[in-house]
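Let me begin by presenting the structure, written as structure tokens, before commenting on it.
The values are calculated or read from the model by the stated rules, or taken from the named source; none is laboratory data. Predicted model only: the values in this text are computed from it and were never measured. Positions of Cβ are generated from backbone atoms using ideal geometry, with glycine treated the same way; all protein chains shown enter the neighbour counts. Each accessible area value is taken on the protein alone, full model and side chains, heavy atoms only, with ligands, DNA and RNA left out. Shrake-Rupley method; radii C 1.70, N 1.55, O 1.52, S 1.80 Å.
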Amino acid sequence: MSSGGGRQWLLLAALWVAAGAVGAAPAAEPNTQVPVGSRHYAATAMPDRIVASPAQDAATGFAVSWRSVPLDAAAVLEVTLAGDSPDMGQVRRITARSQALQTENGAAQFHHADVGGLQPDTLYAYRVQGQGSWSAWNHFRTAGTADQSLTVLYFGDTQNKNLSHVSRVIRQGWQTAPDARLAVFAGDLVSGGDGQDDSEWGEWFAAGGWLLPGMAVAPAAGNHEYFEEFEDTPQERRVLGRHWPVSFALPGNGAGVARSTTYWFDYQDLRVVVLDGTSALDLGTAAQQAQWLDGVLTGERPHWTIVVVHQPLYPLRAERDNTVLAEQLRPVLRRHRVDLVLQGHDHTYGRRADEAGDLPQYISSVAGPKQYRLSEQARATMRPVAEDTQLFQVLRIEGRTLRYEARTATGRLYDAFEIRRGRGEARRFTEVTKGRIAQRDCPRPHSPKGRDDRCWE
């Protein structure tokens, strides 16, 4: 490098450091990377937005959703045992159910196919059909037996800037836990409501990459999966967005009042139950969902239980009121000795035990870049907590032990604990503090837009 070039570089570096020293905020970034007027995420003849989800019994089946332009004939999924030869051998063809959707990106058709009658812990190859085209062959392994180990990834709200900011968290999660077989998303997958809903969903699928078609994906609906119909009028009401029912092929065994957004499934020695907090709080279905949850958890079931709900039962932000949800659900969670309640919504991190004992552990996390501030109540009752931090979580079940880890976007350990099953229903909870990094708080007195309740937009 010439001396002139070197001096120029040093000057730029000094200016950059000086700007950082005074806390200069970066320029505002759009919510999607799509240029104004672009239809980059329009459906084509090639199938896309492929995502696999578990069947109620994940050892014997799974389901797949995908998208294409409207087809001339019924869409088809092909599945076969995965092998080492490029000759895929004898394939089984499954006809999908299809539904049209018109968006700002034009006409599309979404397809759902249920793949059942499979063998446990078996690797299958599948592909899906477009208009005169096929997807790549994807691999999917069914759940094993109750005594096999299981690794689960859990992501809080993704919501904003999925492609530019969330994708690195998902990649880091997969790099940290390459053996993960199940991925749980705790709601607010996209922001929505800005006229770019389909492009936002396109970026969520792009951010998920090969993870979405290759493992069992279990999403919860958040408040941003809904929109306000007749806003600011006496007829105002919450309505589920059009993308949710078509984007995922879920088990279909939910509560009658929220059938498309609640469901449950068994994965080896784990039962996962997904609730709809928005429906519970805004549409008055909390009591019905609690009754349904009680029925799902009654009787014989796997040893470990996780409940997923978007809104936290113990809020982390000031002026949140989820009392109705908490009053209905907490007695059921305690009675059935649920281990973990995985949540999102408040765009911070916090964990606390139930008021009646160590379990359930209530956890709220955020994977996306939109970051809020913690309330004083959350700081006083939760440990650890975090602001200004993108996170993912890894859960490992091995025999009688469940280990939980929360890690930052760069893979550093932020929080950890273990639950060990004793005889009968006894559980022993142990904090794991070795290797954790220090608590992270928002470094700025105000957000880039000057709002006291936010750290980053």
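Residue by residue through segment 347-379, note down the ones that are open to solvent by 10 Å² or more (accessible area, probe 1.4 Å), closer than 18 Å to Glu431 by Cβ and not charged (D, E, K, R). Matches in segment 347-379: Ala353, Gly357, Leu359.
When segment 22-71 is limited to residues that are over 17 Å from Gly202 (Cα atoms) and at pLDDT below 95, the one that is least open to solvent (accessible area, probe 1.4 Å) turns out to be Gly23. Within segment 77-93, at least one residue is surrounded by fewer than 17 Cβ atoms within 10 Å (Cβ to Cβ), over 25 Å from the mean Cα position of the chain (by Cα), of a type in the set (Asp, Glu) and at pLDDT 95 or above. The lone criterion from (1) open to solvent by 40 Å² or more (accessible area, probe 1.4 Å); (2) within 29 Å of Lys161 (Cβ to Cβ) left unmet by Gly344 is number (1). Applying the set (1) out of contact with any Ser or Thr (no Cβ under 8 Å at 6 or more places or on another chain); (2) more than 22 Å from Ala82 (Cα to Cα); (3) touching a residue at least 60 places away in the same chain (Cβ under 8 Å); (4) among the small types (Gly, Ala, Ser) to Ala218 leaves exactly one unmet item: (1).
In segment 428-440, the qualifying residues are those that are of a type outside the set (A, V, I, L, M, F, W, C) and out of contact with any Lys or Arg (no Cβ under 6 Å at 6 or more places or on another chain), and the one that is surrounded by the fewest Cβ atoms within 10 Å (Cβ to Cβ) is Lys434. Of the residues Ala136, Ala206, Ala221, Ala146, the single one that is closer than 27 Å to Gln371 by Cβ, of a type in the set (A, V, I, L, M) and open to solvent by 30 Å² or more (accessible area, probe 1.4 Å) is Ala206. If you go through segment 383-404 and pick out every residue that is farther than 22 Å from Ala220 by Cα, part of a loop (DSSP other than H, G, I, E, B) and not basic (Lys, Arg), you end up with 4.
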